[in-house]
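What follows draws every value from the coordinates through simple rules; no lab data is involved. All values reported here derive from a predicted model rather than from experimental measurement. Here the Cβ positions follow ideal geometry from the backbone for every residue, glycine too, while neighbour counts run over all protein chains shown.
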Amino acid sequence: MLTHEGLKRDVARRIERIQAMMKDKDLDALIIIGQAAPGSLGAIRYITNAHLWGGAAYAILGANDPYPWLQVWSSYQAVWSRNETVSLPERVESPDDLTARSVELAKGYATGSKRIGFVNMNKLMSIDTYKAFTKLLEGYEMVEVTGAFNDIRQIKTPFEIEAFQQNGAILDASLNVFQELARVGARYWDVCAAVEGYVKSFGAFWGRTKLSLDITPYTVPTAKDRRMAADDIMNFEIVYESPWGYWLEMTTIFSFKPLPEYERSLLDAYLQAVDASSAVAKTGNTFRQISEANDQTIRDLGFPVVGKHTPDCHSTGLDGSDGPSTASNPEFVLKSNMVLSFHPGTVMENDRGFLVSDNFLVTPEGAVRLSPHNASRYYLPLEV
């Protein structure tokens, strides 16, 4: 199923759902705003497969036209996007004035209600750009529909679920690369680069590796000259898009020596929390129930829970977050076939904790892991 032709068929069905939303809201046209950065390009990619690498872009979709337009700032970006698009290549343009051309196309569709929807207007549009749009669209109504658009893309198609599973297998296997290359005296930057090289060999583009070396959950890139020491306990995280653009976060713990009793017990507590919270991450339940399950499980095991260092989970897709999180909307009701980036955010006194991450699919029976990264893979010993 994971082929370019399969993607084209899947995107066509996505566009049908988006156009149904547009007709329900009486929108003649839709303008999707994007930026070339992780977290800012997924909405455009959702209906075009454009993978932006720099600058601003707009996708324009008519309520009855199955083929969107794409406006990008660079002629080189346009060539790249034509090679990858699932729309009509001739509809990828790099005009001198992105705003004016996008408005021209939208007006061409807006012959009825003169209502034009915008996605990411409040998130990505600058004040100056907003003023330019409002001037050019005098007499038209600009309607922010980011929430409605995200409601659609939060429900993953079979194609998308398979893409997540593919990336789950790739990232889980990449941990073996770290395990094989790690040695006392090795430079962290070199080992992490090898892991990223492995992932990128499958066709991924954006991503990063990070570590925590102090038994706190805050993973960050190490100093470039830092080398591995025999006593290091490494909370390693890799955050990477799939070859098809779907974001996944994954962690594990590495050490040269066996984990001390406290660290082993703390890691086990987080893994038990994942078991408990994934069981309640089912259709119809709320984000709050996930957070409460994480905290209560760890508290019941005797650890002094003091708060959160990160959301317990959030919806993920072609952006690392394509909607709500346990922090931003704890009363959000889970829907079947959402994919959650799942990482108990519970933290102990003095910031003690581990980051434990993977992706899960919401089902009526509970959340299902989308990778081979089971509990036995959250601690991987290293050879001295």
Fraction of alpha-carbon pairs over 18 Å apart in segment 4-153 - percent: 52
What residue among Y109, I18, I152 has its Cα farthest toward the positive end of the dipole of segment 4-153, where the charges are +1 on Lys, Arg and -1 on Asp, Glu, each on the Cβ? I152
Taking other Cβ within 10 Å of each residue's Cβ, how do V11, V177, V368, V384 sort, fewest first? V384, V368, V177, V11
FRET efficiency, Q296 to S113 (Cβ-Cβ, R0 41 Å, nearest 0.05): 0.25
Please arrange D358, D232, D268 by how many other C-beta atoms lie within 10 Å of their C-beta, fewest to most. D268, D232, D358
Mind checking the alpha-carbon convex hull of segment 250-370 and giving the volume per residue in Å³? 104
Kindly flag which residue pairs out of K25/K282; K25/K123; K114/K135 have an alpha-carbon separation exceeding 19 Å in this structure. K25/K282; K25/K123
Centroid-to-centroid separation of segment 118-140 and segment 217-235 [C-alpha atoms, Å]: 44
Estimated vicinal HN-Hα couplings, Hz - segment 271-276 in sequence order (Karplus 6.51, -1.76, 1.60; Gly, Pro = x): 5, 5, 5, 4, 4, 5
Descending Cα extents along the principal axes, segment 181-241, whole Å: 35, 23, 15
What span do the alpha-carbon atoms of the chain cover on each of the three principal axes, reported in whole Å from largest to smallest? 69, 42, 40
Over the Cα atoms of segment 332-379, Rg to Rh with Kirkwood Rh, two decimal places? 1.05
Restricting to the chain, what percent of DSSP beta bridges are antiparallel, rounded to 5? 75
Projected onto the charge dipole of the chain (unit charges on the beta-carbon of Lys, Arg, Asp and Glu, signs +1, +1, -1, -1), the Cα from P258, T283, P89 with the largest positive-side position is that of P89
Check which residues have an amide H placed less than 5 Å from W73's amide H, if you skip close sequence neighbours. A56
In deg cm²/dmol and to the nearest 500, what is the mean residue ellipticity at 222 nm of the chain if only DSSP H runs of at least 4 residues count, each as -39500 (n - 2.57), divided by the residue total? -12000 deg cm²/dmol
Shape call, segment 158-381: gyration tensor on alpha carbons, a/c limit 1.5: oblate
Measure out, as a whole number of angstrom, how far apart the alpha-carbon centroids of segment 69-113 and segment 307-378 sit. 35
Largest first and in whole Å, give the semi-axes of segment 90-205's equivalent ellipsoid, each being the square root of 5 times a Cα gyration tensor eigenvalue. 45, 18, 14
